[in-house]
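Visitor: Pasting a structure below so you can have a look.
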Amino acid sequence: MMLVVAALGGNALLRCGEDVTAENQRENVKKAVHALADIVRAGHRLVVTHGNGPQIGLLALQNHAYDPDKTFPLDILGAETEGMIGYLLEQELENQLGEGFPVATVLTQIAVDPGDPAFEKPTKFIGPVYSKDEAEKLKDKHGWDIARDGDNWRRVVPSPEPKKIQDLKVLKILLEQQVIAICIGGGGIPIVRQDDGTYTGVEAVIDKDAASALLAEEVQADALLLLTDVKAVYKDFDGPDEQAISQITVTEAEAFDAPAGSMGPKLAAAARFARTGDFAAIGRLEDAPAMLAGSAGTRIVRGD
């Protein structure tokens, strides 16, 4: 039996270009949970984390539509999405596994360094995709930072490194009681420690994969699965010599040339965990059980 941390990419709830509707998200959650439920049925313990890029971006747009001068900060929007997505995942896990498997969603605060250089260089994609012209107009209107995401453009926000999981004690209690925990939603709610020792939220979105790797280390998980919409990590992705990689070492993963906004953070998170855990793997959500068995995805392991 393994303790598995499974990190769901944004595609778990919304496919690229899909409308951010409750119906679309419910339908995609059903498909996502099918693979997760198979992990539990195989006898493994499970912790689920997830992204929130499309959802938090939509909430930010709704805020601006209401009153641009009275918008809620990203930490509060992150908490809202963590509750919403956690609810959908929790309900569907209970539907598919039955009442014999307790499930709980934890709004998870994560401390970051207020001096993190990420605050000066936004890289985290959130919200819908736009054409370049649309993105430029929104940039001028709302003061956004924007960046290219494949063939499209999206808003980008600061993504500081997670330093401390504030609610770790609660999560450990749940795991000791054999509860399936849904946590670190959207990378967790970013907070900073103030001079008087208290904490407050900060305007950022933490990378979900980096936060999931930290969680997997802290709970001494056996495996970290970074689940996305591609089968594996590829050499020469989308090029003439494209080739899927079945296994790489931590050193190779750290040196791999991958885009900062997509596969780069996943490889960095996988390498970080694999230095102390058994292994990390990157691959398609529907292949999660096969990734545990080593027959799908890209496995990242210690080694020279």
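The values are calculated or read from the model by the stated rules, or taken from the named source; none is laboratory data. Here the structure is a predicted model, which means the values were calculated and not measured. Here Cβ is always computed from backbone atoms with ideal geometry, including for glycine, and neighbour counts include all displayed protein chains. Heavy atoms of the whole protein, side chains included, go into the accessibility calculation; ligands, DNA and RNA do not. Shrake-Rupley method; radii C 1.70, N 1.55, O 1.52, S 1.80 Å.
Visitor: Given axes a ≥ b ≥ c from the Cα gyration tensor, I'd like to know whether region 219-304 is rounded (a/c under 1.5), prolate (a/b larger than b/c) or oblate.
Guide: Because a/c hits 1.5 or more and a/b fails to exceed b/c, region 219-304 counts as oblate.
Visitor: So what's the back-of-envelope 222 nm ellipticity for the chain, counting only DSSP H runs of four-plus at -39500 (n - 2.57) apiece and dividing by all residues, rounded to 500?
Guide: -11500 deg cm²/dmol, from helical runs alone.
Visitor: Relative contact order for region 215-266 using alpha-carbon pairs under 8 Å, separation at least 6, rounded to a whole percent?
Guide: Working: 26 pairs, mean separation 11.1, N = 52.
RCO, region 215-266: 21 percent.
Visitor: Looking at the P(r) of region 90-168, how many percent of alpha-carbon pairs lie beyond 21 Å?
Guide: Across region 90-168, Cα pairs with separations above 21 Å total 54 percent.
Visitor: Let me ask you something else. By the gyration tensor of its Cα atoms, with a ≥ b ≥ c the square roots of the eigenvalues, what is the shape of region 248-289: rounded for a/c under 1.5, prolate for a/b over b/c, or oblate?
Guide: Note, shape of region 248-289 comes out oblate.
Visitor: At 0.36 nm per residue, minus the direct Cα-Cα distance, what do GLU18 and SER295 gain on full extension? Give it in nm, one decimal, please.
Guide: Net length gain for the segment: 96.7 nm.
Visitor: Take ARG41 and LEU107, extend 7 Å from each Cα along the Cα→Cβ direction, and tell me the distance between the two endpoints in nm.
Guide: Rounded to a tenth, the inter-label distance reads 3.4 nm.
Visitor: Report, to the nearest whole %, how much of the accessible area of region 174-304 belongs to carbon and sulfur atoms, 1.4 Å probe, protein only.
Guide: Ligands and nucleic acids excluded, carbon and sulfur reach 43 percent.
Visitor: Continuing with the same structure: Given the pairs LYS31/LYS139; LYS141/LYS266; LYS31/LYS70; LYS30/LYS124; LYS121/LYS163; LYS172/LYS235, which are separated by over 30 angstrom at their Cα positions? Present the calculation step by step, with values, prior to reporting the outcome.
Guide: Details: LYS31/LYS139 35 Å; LYS141/LYS266 32 Å; LYS31/LYS70 37 Å; LYS30/LYS124 27 Å; LYS121/LYS163 18 Å; LYS172/LYS235 38 Å.
Checking Cα-Cα distances, LYS31/LYS139; LYS141/LYS266; LYS31/LYS70; LYS172/LYS235 exceed 30 Å.
Visitor: Moving on. Please work out the Cα center distance from region 13-78 to region 227-304, rounded to the nearest Å.
Guide: 23
Visitor: Probe radius 1.4 Å, ligands and nucleic acids left out: which of HIS50, HIS64 has the largest accessible area, and how do the rest follow?
Guide: Most to least solvent-accessible, the answer reads HIS64, HIS50.
Visitor: Given a 1.4 Å probe and heavy atoms of the protein chains only, how would you sort MET84, MET1, largest accessible area at the top?
Guide: Listed by decreasing accessible area, they come as MET1, MET84.
Visitor: For region 14-86, report the % of Cα-Cα distances exceeding 19 Å. Walk me through the intermediate numbers first.
Guide: Values: 1207 of 2628 pairs.
When all Cα pairs of region 14-86 are counted, 46 percent exceed 19 Å.
Visitor: If you wrap a convex hull around the C-alpha atoms of region 68-217 and split its volume per residue, what is the figure in Å³?
Guide: It is 143 Å³ per residue.
Visitor: Right, another one. Counting other C-beta atoms within 10 Å, and keeping those with at most 10, which DSSP coil GluC sites (Glu not before Pro) do you find in region 95-139?
Guide: GLU99
Visitor: From the Cα gyration tensor of the chain, with a ≥ b ≥ c the square roots of its eigenvalues, which class applies: rounded if a/c is under 1.5, or else prolate if a/b is larger than b/c, or else oblate?
Guide: Cα axes put the chain in the rounded bin.
Visitor: Please give the per residue accessible area of region 1-134, computed with a probe of 1.4 Å over protein heavy atoms only, in Å².
Guide: On a per-residue basis, 46 Å².
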